[in-house]
Amino acid sequence: MNFQLSEEQQMLADSAKRFVRDNSDVETHRRNKKLMPLDAATWQQFADLGWLAVPFEEEHGGLGMGPLETMVLLEALGEGLIMAPYIATVVLGGGFLRQASAAQQAETIPALLEGKLQVAFAAEEYERVFTLENTAMVADLKGNEAILNGTKSCVMNGDQADLLVVLARTAGQPGDQDGLSLFLVDANAPGVERVPHRTVDGRQGAEIRFNQVKVAEAARIGALHSGYAIARQVLHEGLLALSAESVGSLSVLLNETVEYSKTRKQFGMPIGKFQVLQFRMADMFIAMEQTRSLLLAATLKTVEGHDDAAMAVHAMKAQLGRAGRKIAQEAIQIHGGMGMTDELGVGHYVKRVTGVDGLFGNADVHLMAIARSA
């Protein structure tokens, strides 16, 4: 099988790497971690480069690409710890919009592609191990409206989003896959309260509280009580995107650790000469390659529609959590005290990998999903 990038994919990767080279360094990342609005100029540059159009069909003004190209783009952006909400808006938000009605698509997709619309997926809730079926927030149906009440926690890009995709329960009990519905909600609608926060890696997010928020029937995505299948498909694409971004970050951790071992001297020689550290860096390399291989396998299975594609995505997220922790801990240990400082990039990359492990279920959650399907 040929795993080489096509000409278009290589051009996409090269453009992302140039962007990272010109716009990313430790000082820039440290500055961006302060609580501030999204840099509009950066997001507009994403639109001008055509990156916002990558996963959309040509009939919607997109480039007609898919998860493979998204993987290539995000792996390159992950090398620079880019803070832009690409996954929240384009991968997750755009994934839901592609499943929406023609009227909803006409109203939202053009604005998203132009960089004028921000989206967030509101799914996670407090005091619950994250799985889609554990959703407890209720949407009461009254006539042609749904009334939303409850709180969503850790909503990626929730503080900046113009539009929220909300997963709520319209029937059944937490744990049931049936009875979940998806709603498009104006983020500034009456009854919506947003409490902005930063995650450990500096991403922007928010706790979002819904108090008697009225949503028209026309704002629902898909059929009533049938949101689980749509949310599962889109979330799996989001998990692949998160994993691709993290693989880019892990590759930087590995490379910087190897380079540091060549320059840091102890007992009159570079520490990379010590066999015990060579073994540890070899283990980092193996974990890195296993993770990248699983990412490629899961992405290809998803693109080709294999029956076990969902299990491959769960395996990818579980591997990312465990291998990411291994690589991150070794990188800090080999860098010594320098690895913990804010002035060195290693600590920032470790925080990014740590933050991703907790998003949409950690390694243990996805291992349990595999076990339940065995």
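The values are calculated or read from the model by the stated rules, or taken from the named source; none is laboratory data. What you see is a predicted model; the values in this text were computed from it and never measured. Positions of Cβ are backbone-derived with ideal geometry, glycine not excepted, and every protein chain shown enters the neighbour counts. Calculation scope for accessible area: heavy atoms of the full protein, side chains included, ligands and nucleic acids excluded. Shrake-Rupley method; radii C 1.70, N 1.55, O 1.52, S 1.80 Å.
What does the C-alpha gyration tensor say about the overall shape of the range 17-146? Classify as rounded when a/c is under 1.5, otherwise prolate if a/b is larger than b/c, or oblate.
Working: a/c = 2.01, a/b = 1.36, b/c = 1.48.
It is oblate, given that a/c is not under 1.5 and a/b is not larger than b/c.
Excluding same-chain residues fewer than 8 positions from K326, which aspartates and glutamates have a Cα within less than 14 Å of its Cα?
Within the straight-line cut-off, K326 pairs with D283, E289, D357.
If I take every Cα pair under 8 Å that is 6 or more residues apart in the range 250-317, average their sequence separation and divide by the length, what percent do I get for the relative contact order? Please report the intermediate quantities before stating the final value.
Working: 39 pairs, mean separation 15.4, N = 68.
Relative contact order of the range 250-317: 23 percent.
What is the distance in Å between the Cα centroid of the range 280-307 and that of the range 255-272?
Here the answer is 28 Å between Cα centres.
Calculate the FRET efficiency for S373 and H197 from the Cβ-Cβ distance with a Förster distance of 35 Å, rounded to the nearest 0.05. Walk me through the intermediate numbers first.
On the way: r = 34 Å, r/R0 = 0.97.
Calculated value: 0.55.
Please compute the per residue accessible area over the chain with all protein chains in place, 1.4 Å probe, rounded to a whole number of Å².
Values: 16740 Å² over 374 residues.
Accessible area per residue: 45 Å².
Lysines within cross-link reach of K116: Cα-Cα under 25 Å, excluding same-chain residues under 8 positions apart?
The qualifying lysines are K17, K33, K34, K152, K214.
Dipole of the chain (Lys/Arg Cβ +1, Asp/Glu Cβ -1, origin at the Cα centre): which of T263, G222, V91 lies farthest to the positive side?
Positive-most Cα among the choices belongs to T263.
Calculated FRET efficiency, N144 and D176, Cβ-Cβ r, R0 22 Å, to nearest 0.05? Write out the running numbers ahead of the final one.
Details: r = 24 Å, r/R0 = 1.11.
Using R0 = 22 Å, I get an efficiency of 0.35.
Which of the chymotrypsin sites (Phe, Trp or Tyr not before Pro) across the range 249-306 are loop residues per DSSP, with 12 or fewer other Cβ within 10 Å?
F267
For T89, what is the net charge nearby, where nearby means another residue's Cβ is under 15 Å from its Cβ and Lys, Arg count +1, Asp, Glu -1? Walk me through the numbers on the way to the answer.
Numbers: positive: R98, K116, R203; negative: D39, E114, D159, D162, E237, E245.
That sum, taken over residues with Cβ under 15 Å, equals -3.
What is the distance in Å between the Cα centres of the range 38-55 and the range 91-142?
The two parts, judged by their Cα centres, are 20 Å apart.
Keeping all protein chains in the complex and leaving out DNA, RNA and ligands, what accessible area do you get for V200 with a 1.4 Å probe, in Å² to the nearest 10?
90
Need one value: the accessible area of Y126 in square angstrom, 1.4 angstrom probe, rounded to the nearest 10.
120
Largest first and in whole Å, what are the equivalent-ellipsoid semi-axes of the chain based on the Cα gyration tensor, each being the root of 5 times an eigenvalue?
Values: eigenvalues 260, 93, 85 Å².
Value: 36, 22, 21 Å, ordered largest first.
Assuming 1.002 mPa s and 20 °C, estimate D for the range 255-374 with Stokes-Einstein, Rh taken as the Kirkwood radius over Cα pairs, in µm²/s. All intermediate terms of the calculation are to be shown ahead of the outcome.
On the way: Rh = 15.8 Å.
Reported coefficient: 136 µm²/s.
Quick one: pull the percent of accessible area on the chain belonging to carbon and sulfur, 1.4 Å probe, ligands and nucleic acids left out. Spell out each step's value before the answer.
Numbers: 8710 of 16740 Å².
Carbon and sulfur atoms account for 52 percent of the accessible area of the chain.
State, to one decimal in nm, how far the label point of D186 lies from the label point of E127, with both points 7 Å from Cα in the Cβ direction.
My value for the distance between the label points is 3.2 nm.
If the only charges are +1 at each Lys and Arg Cβ and -1 at each Asp and Glu Cβ, what is the size of the charge dipole of the chain around the Cα centre, to the nearest 20 debye?
On the way: 34 positive and 45 negative charges, 260 e Å.
With Lys and Arg at +1 and Asp and Glu at -1, about 1240 debye.
Of all alpha-carbon pairs in the range 82-170, indicate the percentage at a distance above 23 angstrom.
Numbers: 1111 of 3916 pairs.
So the portion of pairs separated by more than 23 Å is 28 percent.
I need to check one value: relative contact order of the chain, counting alpha carbon pairs closer than 8 Å and at least 6 residues apart, in percent.
Details: 677 pairs, mean separation 60.1, N = 374.
Relative contact order, the chain: 16 percent.
With runs of 4+ DSSP H residues as the only contributors, calculate the mean residue ellipticity of the chain at 222 nm using -39,500 (n - 2.57) per run, divided by the residue total and rounded to the nearest 500. Display every interim value, and only then the final one.
On the way: 11 runs with 180 residues, N = 374.
Theoretical 222 nm ellipticity from helices: -16000 deg cm²/dmol.
Which residues in the range 65-82 place their backbone N less than 13 Å from a point set 7 Å from the Cα of T28 along the Cα-to-Cβ direction?
Within reach of a label on T28, which here means backbone N under 13 Å from a point 7 Å along Cα→Cβ, the range 65-82 contributes 77-82.
For the range 7-67, just say rounded, prolate or oblate: build the C-alpha gyration tensor, square-root its eigenvalues into a ≥ b ≥ c, call rounded for a/c under 1.5, and beyond that prolate if a/b exceeds b/c, oblate if not.
Cα axes put the range 7-67 in the oblate bin.
Need one word for the range 120-205: rounded, prolate or oblate. Basis is the Cα gyration tensor (sqrt eigenvalues a ≥ b ≥ c); a/c below 1.5 gives rounded, then a/b vs b/c decides. All intermediate terms of the calculation are to be shown ahead of the outcome.
On the way: a/c = 2.43, a/b = 1.31, b/c = 1.85.
It comes out oblate by the Cα gyration axes.
Assuming 0.36 nm per residue, please report the length gained on full extension of the stretch F279 to E58 beyond their Cα-Cα distance.
Values: separation 221, 0.36 × 221 = 79.56 nm, distance 4.87 nm.
Taking F279 through E58 to full extension adds about 74.7 nm, to one decimal.
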